[in-house]
Structure formats: C-alpha cells, structure tokens
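Participant: Pasting in a structure now, in structure tokens, and then I'll have a few things to ask.
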Amino acid sequence: MKTSLRLTALLCALLFTASSHAAMKALIVDGQNNHDWKGTTPHLKKYLEATGLFEVDVATTPDNKGDMSTFKPDFKKYKLVVSNYNGQDWPKETQAAFEEFVRGGGGFVSVHAANNSFPNWPAYNQMIGLGGWGGRSEKSGPYVYWEAKAAKVIKDIAPGRGGSHGPQHEFAVETREPAHPIMAGLPTKWMHAKDELYDRLRGPAENLTVLATAFATKEKNGTDRHEPMLMTTTFGQGRVFHTALGHAGGGKREAQQCVGFIVTLQRGAEWAVTGKVTQKVPADFPTADQVKLRE
C-alpha cells in the first residue's frame, strides 16, 4: 500500500513538472514587409524555440494582391504573438480579435518594421507606443527620446514626420532601465551589429517604458539624440515588448544575428507572456566595444 502511494505521488510530481515546463504557444505573423520576412521568420522562430519556452507557429498573410479578408488567425490559441509584418491593413474582424487578445492578457512582440504598420489603427499604435513612417506626424503623438543630462525620457510635441534613419552602421545600445526584468544583468552599454538606427519615432507613448536607447549621430544623418531602441508598453492586461532593432534585406540579416538582438528578443518574449525573465545572460553577449554574432 505504501509503495503504491509513493508511486502515485511520484507520478503526480512528474506530471506537474512536465506540465509546468510545457512550451508556451507563440505565433509569428508575416507575409508582407519592406524587409526580408521570408528570410527572417525562420530565424525568429529558431531563436524563440531555442529558449525551450516556446512552441512557434507562423501565420502568413496573402500578398498585397491577395484577398486579405481571408487572414483570420485564431489568436486565442496562443500566449504570444510576434509581428514580423509591415503591410496592408488586416480585416476589421482580425484587428478586433487581436485587440481582444492583447487586452485580455496576451503577450505581443513588435520587431523592427512592424512599428511602421497600421498608422491609422489607434489600438495598435497604443500597443507599440511609438511608430514611424506611414504618414505619421504630430497628430500621431509626441516624439520620444532620452535626455542624457536630465537622465529622463522626453516627450516632444514638435511638428514633423514620424520615422527616419541614416545609413546602416554599428552602434552602441545603452540600458536605461537596468532593474527591468528584460534588462537585468545585461551590460550598461553594448555594441549592436550593423543596422538601421530608427529615429524620430512618435506615437501615443502611453504606459511606455524606454528600456534602452542608441545615439543617432548627425554624422549618420541622425537627430543628435538618444533614440528609443527597446521599449515596453501595457495594453489592458497585455504586455508588449517593442524592439526597433533588426533590419534585414538584400540577403543580409546581420542585425538579427547580433547576440544582443537575439537575447533581448528572447527575454522580451518571455516577459511579455509571464511578466518575468528566467533566462540567464549568455557568455557571448556583446561588450561595450565588440559586436557578437550567431547564426
């Protein structure tokens, strides 16, 4: 009898352990983008699954000549949605379903040009906090940047376009919220691989936390300001991680091979779902003077 009880207890413990470590279901949305979504989605999937935390599906929209009304993913099946999308508006029904998903507590990750999307979708812009291009202007919300002397975020209502960048180059990313779970343990400053340094982003900037910035130098046609690179927002009960890093095109995706991009994506995805980060900082994380790449 005692042996039977012990076996039952052991089985229950094993089942609890297995269920508690079950991979969380995630969905990457792609199909249209001015960047190489066909080349990058498989790698985003690989990076997320490499954590052991996620099982990843992909939902691909029709191309810009297709019937977008057929794009109706079942967001409710997932804990996390990752956007690798920049293209035509989704159907109103799909927009409403996505709003319901995030507002109800679903995690969302916006990657690079996904912040160019949907300039006329108010809820989406609340989710990403800041966006660029697509006709964004002062009507979209303030510019947001980091003022180094004051050590604080500035919201600037000056008129002007939303979104620009100079030529691609390596640049330093600086942590602004070292205690945040996504950033905890990461270097204060680290070198990022050749990428587009987005600047002049603007939007509602509600419930926005700027985690890390990069300095957009005038020599690279930048703003001469510390621009947001990594951010979080909340939308209802949902958490959003927004990375402006990760350009890919012309067969090159060096920016997404950067270990800094990979690790912050992985940590941001976990935080978006759970509100915490259990992943350790890897030994190959970039330093203040050296870029580190992975395949």
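The values are calculated or read from the model by the stated rules, or taken from the named source; none is laboratory data. Treat the numbers as computed from the prediction; the structure is a model and nothing was measured. Glycine also receives a Cβ, built like all others from the backbone with ideal geometry; neighbour counts cover every protein chain displayed.
Participant: Just for the range 65-106: of the residues that are crowded, with 19+ Cβ neighbours inside 10 Å and of a type in the set (D, E, K, R), which one is farthest from Thr234 (Cα to Cα)?
Facilitator: Lys79
Participant: Which one is farthest from the chain's Cα centre (by Cα), of the residues in the range 63-94 that are more than 16 Å from Leu48 (Cβ to Cβ) and hydrophobic (A, V, I, L, M, F, W, C)?
Facilitator: That would be Met68.
Participant: Out of the residues in the range 55-64 that are part of a strand (DSSP E or B) and not aliphatic (A, V, I, L, M), which is surrounded by the most Cβ atoms within 10 Å (Cβ to Cβ)? Write out each step before concluding.
Facilitator: Keep residues of the range 55-64 that are part of a strand (DSSP E or B), which gives 55-60.
Filter once more, keeping what is not aliphatic (A, V, I, L, M): 55, 57, 60.
Numbers: Glu55: 15, Asp57: 13, Thr60: 17.
This residue is Thr60.
Participant: Could you list all residues from the range 163-184 that are in a loop (DSSP other than H, G, I, E, B) and either more than 29 Å from Val273 (Cβ to Cβ) or acidic (Asp, Glu) (or both)? Walk me through how you get there before you give the answer.
Facilitator: Initial filter on the range 163-184 (in a loop (DSSP other than H, G, I, E, B)): 163, 165-168, 176-184.
Once the filter is applied, which keeps residues that are in a loop (DSSP other than H, G, I, E, B) and either more than 29 Å from Val273 (Cβ to Cβ) or acidic (Asp, Glu) (or both), the range 163-184 yields His165, Gly166, Pro167, Gln168, Glu177.
Participant: Looking at this structure, is Pro187 in contact with a Pro (Cβ under 9 Å, 6 or more places away or on another chain), under 23 Å from Arg239 (Cβ atoms) and either of a type in the set (Phe, Trp, Tyr) or part of a loop (DSSP other than H, G, I, E, B) (or both)?
Facilitator: Working: in contact with a Pro (Cβ under 9 Å, 6 or more places away or on another chain): yes; under 23 Å from Arg239 (Cβ atoms): no; either of a type in the set (Phe, Trp, Tyr) or part of a loop (DSSP other than H, G, I, E, B) (or both): yes.
For Pro187, the condition - in contact with a Pro (Cβ under 9 Å, 6 or more places away or on another chain), under 23 Å from Arg239 (Cβ atoms) and either of a type in the set (Phe, Trp, Tyr) or part of a loop (DSSP other than H, G, I, E, B) (or both) - is not met.
Participant: Restricting attention to the range 181-207, and to residues there that are touching a His at 6+ places or on another chain (Cβ under 9 Å) and of a type outside the set (Asp, Glu), which single residue is surrounded by the fewest Cβ atoms within 10 Å (Cβ to Cβ)? Walk me through it before giving the result.
Facilitator: Quick first cut of the range 181-207, residues touching a His at 6+ places or on another chain (Cβ under 9 Å) only: 194-200.
Filter again for of a type outside the set (Asp, Glu), leaving 194, 197-198, 200.
Values: Lys194: 15, Leu197: 27, Tyr198: 26, Arg200: 23.
That would be Lys194.
Participant: Six or more apart or on different chains, Cβ atoms under 9 Å: show the pairs whose first residue is in the range 136-159 and on the phi < 0 side of the Ramachandran plot and whose second is buried (at least 20 other Cβ atoms within 10 Å of the Cβ) and assigned to a helix (DSSP H, G or I).
Facilitator: Arg136/Asn116; Arg136/Asn125; Ser140/Asn125
Participant: I need the full set of residues from the range 104-123 which are assigned to a helix (DSSP H, G or I) and either over 17 Å from the mean Cα position of the chain (by Cα) or farther than 21 Å from Ala269 by Cα (or both), in order please. Spell out the reasoning first.
Facilitator: Of the range 104-123, the ones assigned to a helix (DSSP H, G or I) are 112-116, 122-123.
Across the range 104-123, the qualifying residue is only Pro122.
Participant: Let me ask something else about it. Does any residue of the range 85-94 turn out to be modelled with pLDDT of 95 or more, assigned to a strand (DSSP E or B) and either in contact with a helix residue (DSSP H, G or I) (Cβ under 8 Å, 6 or more places away or on another chain) or within 20 Å of Ala248 (Cβ to Cβ) (or both)? Even if it seems obvious, please write down each step before you answer.
Facilitator: Taking the range 85-94 and keeping what is modelled with pLDDT of 95 or more, we get 85-94.
Filter once more, keeping what is assigned to a strand (DSSP E or B): none.
So far as the range 85-94 goes, no, none of its residues is modelled with pLDDT of 95 or more, assigned to a strand (DSSP E or B) and either in contact with a helix residue (DSSP H, G or I) (Cβ under 8 Å, 6 or more places away or on another chain) or within 20 Å of Ala248 (Cβ to Cβ) (or both).
Participant: Still on this structure, please answer the following. How many residues are buried (at least 23 other Cβ atoms within 10 Å of the Cβ) and touching a helix residue (DSSP H, G or I) at 6+ places or on another chain (Cβ under 8 Å) if we restrict to the range 113-122?
Facilitator: 4
Participant: How about the range 130-143: which of its residues are crowded, with 22+ Cβ neighbours inside 10 Å and either out of contact with any helix residue (DSSP H, G or I) (no Cβ under 9 Å at 6 or more places or on another chain) or in a strand (DSSP E or B) (or both)? I'd like the intermediate steps shown before the answer.
Facilitator: Here is the first cut: in the range 130-143, the residues crowded, with 22+ Cβ neighbours inside 10 Å are 130-132, 136, 140-141, 143.
Result: Gly131, Tyr143.
Participant: In addition: Taking the stated definitions as given, is Lys149 more than 17 Å from the chain's Cα centre (by Cα) and either part of a helix (DSSP H, G or I) or at pLDDT below 95 (or both)? It would help to see each step written out before you state the result.
Facilitator: Details: more than 17 Å from the chain's Cα centre (by Cα): yes; either part of a helix (DSSP H, G or I) or at pLDDT below 95 (or both): yes.
When the stated conditions are applied, Lys149 passes them.
Participant: Restricting attention to the range 199-212, does a residue exist that is out of contact with any Asp or Glu (no Cβ under 7 Å at 6 or more places or on another chain) and within 23 Å of Gly250 (Cβ to Cβ)?
Facilitator: There is no residue in the range 199-212 that is out of contact with any Asp or Glu (no Cβ under 7 Å at 6 or more places or on another chain) and within 23 Å of Gly250 (Cβ to Cβ).
Participant: When the residues of the range 25-54 are narrowed to those that are part of a loop (DSSP other than H, G, I, E, B) and among the polar types (S, T, N, Q), which ends up farthest from Gly246 (Cα to Cα)?
Facilitator: So in the range 25-54, the residues part of a loop (DSSP other than H, G, I, E, B) come out as 31-36, 51-53.
From what is left, the residues that are among the polar types (S, T, N, Q) are 32-34, 51.
On the way: Gln32: 16, Asn33: 13, Asn34: 13, Thr51: 19 Å.
Filtering the range 25-54 for residues that are part of a loop (DSSP other than H, G, I, E, B) and among the polar types (S, T, N, Q), the one farthest from Gly246 (Cα to Cα) comes out as Thr51.
Participant: Quickly run through the range 30-54 and pick out the residues that are surrounded by 13 or more Cβ atoms within 10 Å (Cβ to Cβ), closer than 28 Å to Thr278 by Cβ and touching a residue at least 40 places away in the same chain (Cβ under 8 Å).
Facilitator: Hits for the range 30-54 are Asp30, Thr40, Thr41, His43, Leu44, Tyr47, Leu48, Thr51, Leu53, Phe54.
Participant: So, in the range 208-234, of the ones that are surrounded by fewer than 21 Cβ atoms within 10 Å (Cβ to Cβ) and in contact with a Lys or Arg (Cβ under 7 Å, 6 or more places away or on another chain), which residue ends up farthest from Lys149 (Cα to Cα)?
Facilitator: Restricting to residues being surrounded by fewer than 21 Cβ atoms within 10 Å (Cβ to Cβ) and in contact with a Lys or Arg (Cβ under 7 Å, 6 or more places away or on another chain), the top hit is Thr223.
Participant: While we're looking at this one, here's another question. Since Thr264 meets every condition but one in (1) within 26 Å of Arg103 (Cα to Cα); (2) surrounded by fewer than 24 Cβ atoms within 10 Å (Cβ to Cβ), which condition does it not meet?
Facilitator: Of everything listed in (1) within 26 Å of Arg103 (Cα to Cα); (2) surrounded by fewer than 24 Cβ atoms within 10 Å (Cβ to Cβ), Thr264 misses just condition (2).
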